[in-house]
Each structure stands twice: as C-alpha cells, then as structure tokens.
Amino acid sequence: MRRCGWEKRVELWFDGEGAPTDPEAAHVAQCPHCAAQVAQWGALRSAVRETAASEAIADAQFPAFFDGIREQVRTPMRPRGHRKLWAALSLTAAALIVAISAVVVFRDGPQPVGATVIESCSTELEGATIRSYSSDEGVATVWITVSQDDVW
Amino acid sequence: MNLVALTIIVGAVLAGPDDTPPPARVAVVVVHATREARERTHFDPGLEPIRETVSDLNFDTYRKIAAKVLNASFEEETRFKLSKKYTLVLTPLSKARNGAVRMKVRIDMLPENLRKKPVAVISTTVVAKPGKHFRLGGLRYDGGELVIVMELK
C-alpha cells in the first residue's frame, strides 16, 4: 500500500482523538491507506486497554512508597563472610544435635530379655536350707527346705 | 538466637526421662500345693496360666489361695498378705532399659510369740524379666506347702 502525505497529520489527530468534523476525519473517510492505519491503531489501543490494568499508586501512598525505597537503598548489605559464618555455625549445631541424640538413644543399647535371674537368697529360719535353681522349663526358683521334725 | 535454640534443644536431649520409673506391676499367684494321691493332677480354676510353671514339682493338687497384681513403687516396700502367717514384701530397686526390674523379695513369717519380730523365711534379690515367671516355695502350710508364682508385667 502506498504511503499518504496526510499520514503524520492523521497520526497526531488520532493521538489527540480529534473530533469527527476535523479535516483529518474527512480525509480518513476518503483515503483507504489512512483508514486502514486508523483501524489498526484503534484495534491496538483497544487491546492494550483490555489487558493492561496498571497498578495505580494514590497520592496519599507516595510518601510511604518512597520511604520504603529509601530504607532499602540506605540499608547496608551484610558482608558475604558473615553469612558464611552463620551457615557454618548452623551446620555445626545440627551435626552436634544429631551426634548427641544418637549417643543418648544408643548408649545402653537394646538388651535381650532372658529368664529371671536369682542374684542371691537367704533365710533367717534356723535349721532350714535354701537354694535357688532354674527348672527344666527355665523358671527361676527359690526353695526352702526344713526337716520334717521342725515345727514352724 | 541460634545459640539459644541450640542450648534449649541440647538441654532437652541430655535431660532425658524422669529418673524414677513408674511402679513395677507384679502379678502374684499364691497356691496351696499338696499330695493327695490323685491319678491326675488337679488345678483349681484360674490356675491354668501357671500349669507349666509348676509341672516339675512333686504335688498332685494345686489350690488357689490368692491372686493379685501389685503396683510396687521403687525403693518402697509393698506388702501382700499370703496367709495369716506369711506376708510377701516386694521392694523394686531399679529398672533396666529392656524392662527388667531388680527387686528384693522377702517372705516374713509371724512367730508363735507375737512379741517377737517376724522372721524372714525367704529373702532374695532377683532380676525379673517382663512376662517371665519365677517362683518361691517350700513354705509349710496346712498339710502341704505354699508356692508363690510371680510375673513382672
């Protein structure tokens, strides 16, 4: 399509959204090139209006908005070496906790459950004998024996 | 902040559980064992759980006198009257991590002269394992003998 000498005027008229009675409007009605351009610009403007809902900052919000920016600009960044030190300390602490927990949990270890054990046995009864043994069934036993003549 | 958290966590881990364990639960079954020339050994109702435990003893009749589960606090004497004459005294001493309980077990006998001190007929220290029977016996009683079967619960 050939370019039109009115194109620049029509573009300015379109941006200013001129009145339908302007000479540019009469020209667009006659010139297919300018009419096509105006149609294309109009479609583009409509699409932008539909998609771009820009966040507006109200006048009352500006002081707080700029205070936030100033604060971030003025805050000095933590040196990288300091960060590494904290990371190392955290790792060391975690390793220490794991090690201590393992020692506490496993220090005595699980022990097998065997039969009951008789450590000692005695009697204050005169003339009686006492002994401990394990039966064939594995039952720990303490048994006292007195002579038939004794009365108790 | 990290050091405070570390101190709290390490302290909690090292502190561990309370030192005093809960009371030991000890089941006690008191049996009157006699020889009555029976063809088949008799067990009173309720004595089935100890049938195997006394199977090697030379008696043919087992009568139930008492059965009770004692809650015996550690480092304290827990008494259980077996008969008019005999009293069982349990003193749990310590508890191992596998659940075994070391305890003193004593059977006191009242003397004929009540002014005299009771006699420790049996005095023993055992390491009782949960679910395992142990027994004391040989005490004269009403023409037979007393057999005391115990089990740490």
Residue within the range A:124-145 that is at pLDDT 90 or above, surrounded by 13 or more Cβ atoms within 10 Å (Cβ to Cβ), over 30 Å from B:ARG51 (Cβ atoms) and facing chain B (nearest Cβ under 10 Å) present: yes
Every residue from the range B:85-121 that is aliphatic (A, V, I, L, M), closer than 19 Å to B:VAL29 by Cα and within 11 Å of chain A (Cβ to nearest Cβ): B:VAL101, B:MET103, B:VAL105, B:ILE107, B:MET109, B:VAL121
Leading residue by the ranking (modelled with the highest pLDDT) among those in the range A:95-115 that are under 25 Å from B:ARG102 (Cα atoms) and of a type outside the set (A, V, I, L, M): A:GLY114
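For (1) of a type in the set (S, T, N, Q); (2) surrounded by 14 or more Cβ atoms within 10 Å (Cβ to Cβ); (3) more than 14 Å from chain A (Cβ to nearest Cβ); (4) within 29 Å of B:LEU93 (Cβ to Cβ), each residue gets a yes or a no:
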site: B:GLU39; (1), (2), (3), (4): no, no, yes, no
site: B:VAL54; (1), (2), (3), (4): no, yes, no, yes
site: B:LEU70; (1), (2), (3), (4): no, yes, yes, yes
site: B:PHE80; (1), (2), (3), (4): no, yes, yes, yes
Residue in the range B:127-141 that is at the interface with chain A (Cβ under 9 Å from one of its Cβ atoms), of a type in the set (Lys, Arg) and farther than 23 Å from A:ASP136 by Cα present: yes
Filtered residues of the range B:84-102 (kept if under 11 Å from B:LYS129 (Cβ atoms) and part of a loop (DSSP other than H, G, I, E, B)): B:ALA96, B:ASN98, B:GLY99, B:ALA100
Any hit, the range B:102-113, residues being farther than 19 Å from A:ILE144 by Cα, free of Cβ contacts under 8 Å to residues at least 24 places away in the same chain, surrounded by fewer than 15 Cβ atoms within 10 Å (Cβ to Cβ) and out of contact with any helix residue (DSSP H, G or I) (no Cβ under 7 Å at 6 or more places or on another chain): yes
Selection count, the range A:15-42, where residues are surrounded by 11 or more Cβ atoms within 10 Å (Cβ to Cβ) and either at pLDDT below 85 or of a type in the set (Lys, Arg) (or both): 2
Members of the range B:114-143 that are more than 22 Å from A:THR145 (Cβ to Cβ) and not charged (D, E, K, R): B:LEU114, B:VAL127, B:ALA128, B:PRO130, B:GLY131
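The values are calculated or read from the model by the stated rules, or taken from the named source; none is laboratory data. Every value quoted in this text rests on a predicted model; they were computed, and no experiment measured them. Every residue, glycine as well, gets a Cβ built from its backbone with ideal geometry; the counts of neighbours run over all protein chains shown.
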